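The values are calculated or read from the model by the stated rules, or taken from the named source; none is laboratory data. Computed from a prediction, not measured in an experiment: that's the story for all the values here. As a convention, Cβ positions derive from the backbone with ideal geometry for all residues, glycine included, and neighbour counts pool all protein chains shown. Heavy atoms of the whole protein, side chains included, go into the accessibility calculation; ligands, DNA and RNA do not. Shrake-Rupley method; radii C 1.70, N 1.55, O 1.52, S 1.80 Å.
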Amino acid sequence: ISNKNIIFAGEISPEKLGDWYRTADLYIHLAWIEPCGNTQIEAMACGLPVICCNNGGIGETVNLSSGGIIVDADLDYQFNKLDYYKPPKPNYKNLVEAVNKIFFNYELYKNKINYNYLNIDNAAIEYTNFIKKLI
């Protein structure tokens, strides 16, 4: 979709990602059922509130860092066979409401981000604790 407010930048080298994140106002992560992403953490570390869907692991870091809104945009995953290349359509109405909620309360969401949580050591501790529970 062509839109004057959307810029396709192509591949960005890792050392320039922070600069690109800091040019934005909001990070929208719509990957369906992604188990553990890094981009939402990078975005929050650069001061961007995040909007993500309710399935997958992205919402966990958004929630624990108070970094944005987890949108009830997808039906709950039923743990059955799936085709990653044919995800269900999200609830766009709920996504638009979340975007508006952040923009109308922007400083509140931007200032709520808990930067202390956005630390690789915390992630390592959580993985270790999870594995200990399994054992």
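Descriptive notes on the structure:
- Charge dipole magnitude, Cβ of K and R +1, D and E -1 - the chain, Cα centre, debye nearest 20: 200 debye
- The listed residues K4, K86, K101 rank as K4, K86, K101 when sorted by accessible area, largest first, using a 1.4 Å probe.
- Between V96, V50, V71, the residue with the greatest mean-square fluctuation in the GNM of the chain (Cα pairs under 10 Å linked by springs) is V96.
- Relative packing of peptides 59-69, 105-115 - highest average C-beta neighbours within 10 Å first: 59-69, 105-115
- Protein heavy-atom accessible surface, 1.4 Å probe, per residue over the chain: 72 Å².
- Most mobile of Y77, Y27, Y117 in a GNM of the chain (Cα contacts under 10 Å): Y77
- Between K112 and N80, the distance separating the two model label sites (each 7 Å from Cα on the Cα→Cβ line) works out to 3.4 nm.
- The chain: relative contact order as a whole-number percent, Cα under 8 Å and 6+ apart: 20 percent
- Highest GNM mean-square fluctuation among P90, P14, P35, for the chain modelled with Cα contacts below 10 Å: P14.
- Here is the size of the chain from its Cα atoms: Rg then Dmax, 15.8, 52 Å.
- Of the solvent-accessible surface of the chain, computed with a 1.4 Å probe and all protein chains present, 57% belongs to carbon and sulfur.
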